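Trainee: Would you mind keeping the following structure in view while I ask a few things?
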Amino acid sequence: MILLDGRKTSSDLKLEIAEEVNRMKSSGQNIPHLAAVLVGEDGASLTYVGSKVRSCQQVGFQSTLIHLPDNISEAELLKEVARLNADKDIDGYIVQLPLPKHIDENKILMAIDPLKDVDGFHPSNFGKMALEMDTFIPATPFGILELLERYNVETKGKHVVVVGRSHIVGRPMSILLSRKGNPGNATVTLTHSNTKNLSSLTNQADIIVMALGIPKFLKANMVKEGVVIIDVGITRVPSNESPKGYEIVGDVDFEHVAPKCSYITPVPGGVGPMTIAMLLKNTLLACKRNQN
Ligand code: NDP
């Protein structure tokens, strides 16, 4: 069994990005600039945005954090989005989700300039991804592709079962692995909460992508020998053993499933670190596109 090490791969990737930024600087080009919009004080969102900003600093990007109160109106947030769209210094930006309930997330995402949408959530970018055109690929699925590619995991002709159909993970993953090219050319089954006999499907899978958010859902009797498993799940589970009072648990019963796998991502340290690295990669792409 080989661990798909997201920590190491993401730090390799960050070094490559930092080298690229140095080259850009020395040839007098603008360096990438990422902005992050955070609304409110949600603990997990503060942590995610904090590490995105820190990662920008690590690779030499410019970063701007725009922290807004959670009682901001939808109209005011739309104004902020319009301002970022018009700001020529900013190559790309993200609006951290979830947003407070009184704000329509879709309205905000639709207002982001697709050329600055480094999260790849805008319908125009999502459509381009499905049509196999050049675009921003959402960071988590993009990170999974990168891991598969760097570890030379063959996807061509394989049967992939994706569990979970969210717009940010499961559905784009199913599209990306069924596209022509590498990684891709797989036969994909996309499953969700209405799927019947899930374990008969996962038992046939060569590759399983777990993205549902139920800790240790995938058990050893649900997979065949030699399977490749990508565990996207991140759930905080209360724990007396950790000083933080919780531990991070994936969607896979790792202890019992890992011995049957040819490759598996650990949680933490698998898909999670890749997500931020790919956001940086998308910002670098945005910056290069702006300069051409
Ligand atoms: P969502 O909650 O948006 O979607 C969950 C999906 O799982 C839904 O499609 C749901 O089906 C499906 N599902 C729920 N129960 C079952 C079941 N019993 N059998 C089959 N399918 C089921 O989740 P996200 O995609 O946003 O996140 C999934 C997990 O990944 C979470 O733990 C999240 O924290 C983590 N995550 C990790 C990231 C990373 O960087 N590593 C990034 C993003 C998410 P239905 O559509 O029918 O409701």
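Trainee: May I ask for the angle, rounded to the nearest 10°, between helix 74-86 and the longest principal axis of the chain, with both axes built from Cα atoms and the value confined to 0 to 90°?
Mentor: Tilt of helix 74-86: around 80 degrees.
Trainee: So, with +1 on the Cβ of K and R and -1 on the Cβ of D and E, and no other charges, what is the size of the charge dipole of the range 155-292 about its Cα centre, to the nearest 20 debye? Can you show the working numbers first?
Mentor: Values: 16 positive and 8 negative charges, 144 e Å.
Charge dipole, the range 155-292, about its Cα centre: 680 debye, nearest 20.
Trainee: Ratio of Rg to Rh for the chain, alpha carbon only, Kirkwood?
Mentor: My calculation of the ratio gives 0.97.
Trainee: Can you tally the net charge around I94? Count Lys and Arg as +1, Asp and Glu as -1, for every other residue whose Cβ sits under 13 Å from the Cβ of I94. It would help to have the intermediate numbers written out before the result.
Mentor: Numbers: positive: K52, K116; negative: E80, D91, E105, D113, D117, D119.
That sum, taken over residues with Cβ under 13 Å, equals -4.
Trainee: Accessible area per residue, 1.4 Å probe, Å², for the range 162-215: what's the number? If you can, show how the numbers build up before the last one.
Mentor: Details: 2510 Å² over 54 residues.
With the other protein chains kept in place, the range 162-215 gives 46 Å² per residue.
Trainee: Here is a further query. Charges at C-beta only: +1 for Lys and Arg, -1 for Asp and Glu. How large is the resulting dipole of the chain about its Cα centre, in Debye rounded to 20?
Mentor: Result for the chain is approximately 500 debye, rounded to the nearest 20.
Trainee: Hey, any idea what % of the chain's accessible area is carbon plus sulfur with a 1.4 Å probe?
Mentor: Of the solvent-accessible surface of the chain, carbon and sulfur hold 52 percent.
Trainee: Long-range amide H contacts for D251: which residues qualify at under 5 Å (H placed 1.01 Å from N, peptide plane, sequence gap of 5 or more or a different chain)?
Mentor: K216, V232, G233
Trainee: Just going by the charge dipole of the range 155-235, with Lys and Arg at +1 and Asp and Glu at -1 on Cβ, which of G157, V228, S199 is farthest out on the positive end?
Mentor: Of the candidates, G157 comes out farthest on the positive side.
Trainee: Now, a different point. According to the square roots a ≥ b ≥ c of the eigenvalues of the Cα gyration tensor, what is the shape class of the range 1-119, taking rounded for a/c under 1.5, prolate for a/b larger than b/c otherwise, and oblate for the remainder?
Mentor: Because a/c hits 1.5 or more and a/b fails to exceed b/c, the range 1-119 counts as oblate.
Trainee: Does the range 237-292 come out rounded, prolate or oblate by the C-alpha gyration tensor, with a ≥ b ≥ c the root eigenvalues, rounded set by a/c under 1.5 and, if not, prolate when a/b is larger than b/c and oblate if not? Could you put the intermediate results ahead of the total?
Mentor: Details: a/c = 5.72, a/b = 1.92, b/c = 2.99.
Oblate is the answer for the range 237-292, as a/c is 1.5 or above yet b/c matches or exceeds a/b.
Trainee: Next up: Taking 0.36 nm per residue of separation and subtracting the Cα-Cα distance, what length does fully extending A44 through N197 add?
Mentor: Between A44 and N197, full extension yields 51.7 nm more.
Trainee: Could you pull out every residue, at least 5 positions away or on a different chain, whose amide H is within less than 5 Å of the one on A35? Hs are placed 1.01 Å off N in the peptide plane, and Pro or chain starts have none.
Mentor: Correct list: T64, G92, Y93, I94.
Trainee: With every protein chain left in place, what is the accessible area per residue of the range 87-145 in square angstrom, probe 1.4 Å?
Mentor: Accessible surface, normalised per residue, equals 44 Å².
Trainee: Right, another one. Per residue of the range 263-269, in order, report the coupling 6.51 cos²θ - 1.76 cosθ + 1.60 (Karplus, θ = phi - 60°) as ³J(HN,Hα) in whole Hz, putting x for Gly and Pro.
Mentor: Calculated HN-Hα couplings, in order: 9, 8, 8, x, 10, x, x Hz.
Trainee: Given the -39500 (n - 2.57) contribution per DSSP H run of 4+ residues, what per-residue ellipticity at 222 nm results for the chain, rounded to the nearest 500 deg cm²/dmol?
Mentor: -12500 deg cm²/dmol
Trainee: Continuing with this model, one more query. When a/c is below 1.5 the answer is rounded, else prolate if a/b is larger than b/c, else oblate, so apply that to the range 1-54 with a ≥ b ≥ c taken from the square roots of the Cα gyration tensor eigenvalues.
Mentor: The shape class here is oblate.
Trainee: Under 5 Å between amide hydrogens, which residues at least 5 positions from K224 or on another chain qualify, with H placed 1.01 Å from N in the peptide plane?
Mentor: The answer is A205.
Trainee: With every protein chain left in place, what is the accessible area per residue of the range 25-83 in square angstrom, probe 1.4 Å?
Mentor: 52 Å²
The values are calculated or read from the model by the stated rules, or taken from the named source; none is laboratory data. Here the structure is a predicted model, which is why all the values come from computation and not from measurement. A quick note on method: Cβ atoms are made from the backbone with ideal geometry, for glycine too, and the neighbour counts reach across all protein chains shown. The protein model used for the area step is the full one, side chains on, heavy atoms only, and it has no ligands, DNA or RNA in it. Shrake-Rupley method; radii C 1.70, N 1.55, O 1.52, S 1.80 Å.
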